[in-house]
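Here the structure comes first, spelled out in C-alpha cells, and everything after it is commentary.
Since every read-out is calculated from the coordinates, none of them should be taken as a lab result. Keep in mind that what you see is a predicted model, and the values were worked out from it rather than measured. Every residue, glycine among them, receives a Cβ derived from its backbone with ideal geometry; neighbour counts consider all protein chains shown.
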Amino acid sequence: MQTSAMTDLGQTSANAMLTAKAAKAVSSFITTHQIDARQAAVLGRAAKLLSRIVEGSLLIENRQAITGLTPSHVGLAEYERALSAAKTLNLLSTDLTELFLGYRSCLISLSEGAAVGNHKLDELKQFLTALSEFFYSDLV
C-alpha cells in the first residue's frame, strides 16, 4: 500500500527528472536547432507540468480559467516550487500566471517543432534548471 507521502515523493522525483531533462533538451536545441522525438516527448510532458503550475497559480490568484486551464489545487505543490524558482531568478515582479503560460507555450512550440526566440529559450532553460533544483532539494 502506498502512502500519500510515498506518492508525493515519487511525484517530486519524477518532476525533478522531467525538469532536468527538459532543461537539457532546451539547451540542446539552443546549440543544434533540432529536437528529436524523445526530446519532443520530454518537452510535451514538461508543458503538462507547466499546465498544472498555471492551474495552481490561477487558484492562488483567484483568477478564472484561461486558455483551457482552470484553477485547481492539484498543482499547488508544483506551483510552490515554480514560485521559488521564479524568486531565485528575480522574476516575481512579473505576472506569474502569464510568465508560466509563456513558458508552457514555449515548451509546446518546441515540442511541435515551431520556432522560439533564443532570448525566451535562455530564460526557459534557466527556469527549468532552477525548478529542477527545487524539486531535487525536496528529495534530500
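Scan region 66-99 for residues that are in contact (Cβ under 8 Å) with a residue 60 or more places away in the chain and buried (at least 20 other Cβ atoms within 10 Å of the Cβ) and jot them down.
78, 81
Considering only residues that are touching a Cys at 6+ places or on another chain (Cβ under 7 Å) and among the β-branched types (Val, Ile, Thr), which ones fall in region 104-133?
Matches in region 104-133: 116 only.
If I ask for residues that are small (Gly, Ala, Ser) and over 14 Å from the mean Cα position of the chain (by Cα), which ones from region 55-92 would you list?
Across region 55-92, the qualifying residues are 65, 68, 72.
Within region 100-126, track down each residue that is closer than 19 Å to residue 66 by Cβ, of a type in the set (A, V, I, L, M, F, W, C) and touching a residue at least 40 places away in the same chain (Cβ under 8 Å).
Those that are closer than 19 Å to residue 66 by Cβ, of a type in the set (A, V, I, L, M, F, W, C) and touching a residue at least 40 places away in the same chain (Cβ under 8 Å): 100, 101, 107, 108.
Could you check region 41-65 and list, in sequence order, the residues that are closer than 18 Å to residue 128 by Cβ, among the hydrophobic types (A, V, I, L, M, F, W, C) and surrounded by fewer than 17 Cβ atoms within 10 Å (Cβ to Cβ)?
41, the sole residue that qualifies.
Give the residues of region 58-75 that are out of contact with any Asp or Glu (no Cβ under 8 Å at 6 or more places or on another chain) and under 15 Å from residue 99 (Cβ atoms), sorted by residue number.
Selection gives 58, 60, 61, 63, 66, 67.
Considering only region 93-125, state which residues are in a loop (DSSP other than H, G, I, E, B) and more than 16 Å from the chain's Cα centre (by Cα).
Listed by number, the residues that qualify are 93, 94, 112, 113, 114, 115, 116, 117.
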